[in-house]
Amino acid sequence: MDSIIYKNIEAERVRHGYTKEVIAQKLDVTPKTYLSWIRGTTEIPASILLKMKRMWDVSADYLLETND
(Lines give C-alpha, C1' and ligand atoms only; values in the text may rest on other atoms or scores of the structure.)
Protein backbone atom coordinates (compact mmCIF):
# COMPACT_ATOMS: atom_id res chain seq x y z
CA MET A 1 0.00 0.00 0.00
CA ASP A 2 1.03 3.52 -0.70
CA SER A 3 2.27 5.60 2.24
CA ILE A 4 -0.48 8.18 1.66
CA ILE A 5 -2.96 5.66 3.03
CA TYR A 6 -1.08 5.52 6.31
CA LYS A 7 -0.88 9.32 6.46
CA ASN A 8 -4.64 9.62 5.90
CA ILE A 9 -5.38 7.06 8.59
CA GLU A 10 -3.13 8.79 11.08
CA ALA A 11 -4.62 12.17 10.16
CA GLU A 12 -8.12 10.86 10.90
CA ARG A 13 -6.99 9.31 14.17
CA VAL A 14 -5.52 12.62 15.30
CA ARG A 15 -8.47 14.67 13.97
CA HIS A 16 -10.83 12.59 16.11
CA GLY A 17 -8.59 12.84 19.16
CA TYR A 18 -7.88 9.12 19.53
CA THR A 19 -4.66 7.71 20.85
CA LYS A 20 -3.10 4.81 18.98
CA GLU A 21 -4.13 2.56 21.84
CA VAL A 22 -7.77 3.66 21.66
CA ILE A 23 -7.90 3.14 17.90
CA ALA A 24 -6.42 -0.32 18.28
CA GLN A 25 -9.08 -1.13 20.85
CA LYS A 26 -11.87 0.21 18.62
CA LEU A 27 -10.58 -1.93 15.77
CA ASP A 28 -10.25 -5.01 18.01
CA VAL A 29 -6.50 -5.34 17.43
CA THR A 30 -3.42 -4.88 19.57
CA PRO A 31 -1.57 -1.56 19.56
CA LYS A 32 1.39 -3.44 18.08
CA THR A 33 -0.74 -4.54 15.12
CA TYR A 34 -1.99 -1.00 14.54
CA LEU A 35 1.56 0.34 14.63
CA SER A 36 2.73 -2.27 12.13
CA TRP A 37 0.02 -1.06 9.74
CA ILE A 38 0.94 2.60 10.15
CA ARG A 39 4.62 1.85 9.67
CA GLY A 40 3.76 -0.06 6.52
CA THR A 41 5.32 -3.30 7.69
CA THR A 42 2.06 -5.21 7.26
CA GLU A 43 -0.93 -4.56 5.06
CA ILE A 44 -4.21 -3.43 6.53
CA PRO A 45 -6.98 -5.99 5.92
CA ALA A 46 -9.91 -4.78 3.82
CA SER A 47 -12.28 -5.52 6.72
CA ILE A 48 -10.32 -3.09 8.92
CA LEU A 49 -10.30 -0.40 6.24
CA LEU A 50 -14.09 -0.74 6.10
CA LYS A 51 -14.30 -0.34 9.90
CA MET A 52 -12.13 2.79 9.68
CA LYS A 53 -14.25 4.21 6.86
CA ARG A 54 -17.43 3.74 8.89
CA MET A 55 -15.92 4.90 12.17
CA TRP A 56 -14.67 8.18 10.69
CA ASP A 57 -17.48 8.61 8.15
CA VAL A 58 -15.05 9.06 5.27
CA SER A 59 -15.01 7.57 1.81
CA ALA A 60 -12.93 4.55 0.91
CA ASP A 61 -11.50 6.69 -1.89
CA TYR A 62 -10.18 9.12 0.70
CA LEU A 63 -8.55 6.39 2.79
CA LEU A 64 -7.13 4.71 -0.28
CA GLU A 65 -6.39 8.02 -2.01
CA THR A 66 -7.99 7.00 -5.28
CA ASN A 67 -9.75 10.32 -5.97
CA ASP A 68 -8.27 12.30 -8.83
Using a 1.4 Å probe on the protein chains only, how many percent of the accessible area of the range 17-68 belongs to carbon and sulfur? 51
So if the hydrodynamic radius of the chain is defined as the Kirkwood radius over C-alpha pairs, what does Stokes-Einstein give as its diffusion coefficient at 10 °C and 1.306 mPa s, in µm² per second? 134
Selection from ILE44, THR30, LEU64 lying farthest towards where the dipole of the chain points positive, charges on Cβ: THR30
At R0 = 30 Å, FRET efficiency that the Cβ-Cβ distance of GLU65 and THR30 yields, to 0.05: 0.70
Can you run phi through the Karplus equation (6.51, -1.76, 1.60; θ = phi - 60°) for the range 45-53 and list ³J(HN,Hα) in whole Hz, with x for Gly and Pro? x, 4, 4, 6, 4, 5, 4, 4, 4
Quick check for you: which residues of the range 1-26 have the amide N under 17 Å from the point 7 Å beyond the Cα of ASP57 toward its beta carbon? 12-18
Mind checking the dipole of the chain: about its Cα centre, +1 per Lys or Arg Cβ, -1 per Asp or Glu Cβ, Debye to the nearest 20? 320
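The values are calculated or read from the model by the stated rules, or taken from the named source; none is laboratory data. If you're wondering where the values come from, they're calculated on a predicted model, not measured in any experiment. Positions of Cβ are generated from backbone atoms using ideal geometry, with glycine treated the same way; all protein chains shown enter the neighbour counts. All accessible areas refer to the heavy atoms of the entire protein, side chains included, with ligands and DNA or RNA removed. Shrake-Rupley method; radii C 1.70, N 1.55, O 1.52, S 1.80 Å.
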